[in-house]
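The values are calculated or read from the model by the stated rules, or taken from the named source; none is laboratory data. Just so you know, these numbers come straight off a predicted model, no measurement behind them. Cβ placement follows ideal geometry from the backbone for every residue including glycine, while neighbour counts extend to all protein chains displayed.
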Amino acid sequence: MNRKERRALERQKISSFDGEVKKEEYKPKKNYTRYVIISLVIIIFIGAIFVSYLKGKKPGELDDFVACLADKDVKFYGSFQCSHCQEQENDFAESSKLLESSGVYVECGPLGNFNSLCISEGVRSVPHWVIADEVLSGRQDIQILAEKSGCSLPNEAA
């Protein structure tokens, strides 16, 4: 008896009551491993999106400071191409996203040509800060910005 015949016999059921031979159709076992892996990948992907969404909702440490700068009409002229401007924005950590939305940050880019607003304000180089009537050129320490603007930093408020 060869392998094929043995398998054929395994698929057959012999009924002991009436002696009839009943054939069962061969149904291969389904392999759910692929579905489980795909499901896990989808769950992890959705989880990562949810975590990044929640992380973006956390208020930054300097949010109140940026709001105070906006109230005092402080302007930070910069460019996305300027490494010093990016470093200045990084000084604000999570609160840097509020600089532009609150009107503190003014983009003087694009592609190296100053826009008309920056030219009309007399900005010749970036980063460029205007606090009241005082102009500060170059990257500024957060502490200096607090002193010049009269806005308090979070650790000073306590």
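At a glance:
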{"item": "Selected residue [at pLDDT below 90 and touching a Ser or Thr at 6+ places or on another chain (Cβ under 7 Å)] from CYS118, CYS108", "result": "CYS108"}
{"item": "Among residues of region 127-149, those that are touching a helix residue (DSSP H, G or I) at 6+ places or on another chain (Cβ under 9 Å) and modelled with pLDDT under 90, counted", "result": "1"}
{"item": "Selected residue (only one of VAL126, VAL130 is within 16 Å of LEU99 (Cβ to Cβ), part of a strand (DSSP E or B) and among the β-branched types (Val, Ile, Thr))", "result": "VAL130"}
{"item": "Qualifying position, being on the phi < 0 side of the Ramachandran plot, of a type outside the set (Ser, Thr, Tyr), within 26 Å of the chain's Cα centre (by Cα) and surrounded by fewer than 18 Cβ atoms within 10 Å (Cβ to Cβ), among GLU147, GLU100, GLU134, GLU121", "result": "GLU100"}
{"item": "Odd one out for ASN31 among (1) surrounded by fewer than 10 Cβ atoms within 10 Å (Cβ to Cβ); (2) at pLDDT below 75; (3) farther than 30 Å from ALA93 by Cβ; (4) of a type outside the set (Val, Ile, Thr)", "result": "(2)"}
{"item": "Subset of region 31-62 [over 30 Å from LEU98 (Cα atoms), part of a helix (DSSP H, G or I) and not aliphatic (A, V, I, L, M)]", "result": "THR33, ARG34, TYR35, SER39"}
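Okay, residues lined up against (1) more than 25 Å from ALA132 (Cβ to Cβ); (2) basic (Lys, Arg); (3) exposed (fewer than 10 other Cβ atoms within 10 Å of the Cβ); (4) at pLDDT 95 or above:
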residue: ARG3; (1), (2), (3), (4): yes, yes, yes, no
residue: ARG11; (1), (2), (3), (4): yes, yes, no, no
residue: GLY19; (1), (2), (3), (4): yes, no, yes, no
residue: GLU24; (1), (2), (3), (4): yes, no, yes, no
residue: ALA48; (1), (2), (3), (4): yes, no, no, no
residue: TYR53; (1), (2), (3), (4): yes, no, yes, no
residue: LEU62; (1), (2), (3), (4): no, no, no, no
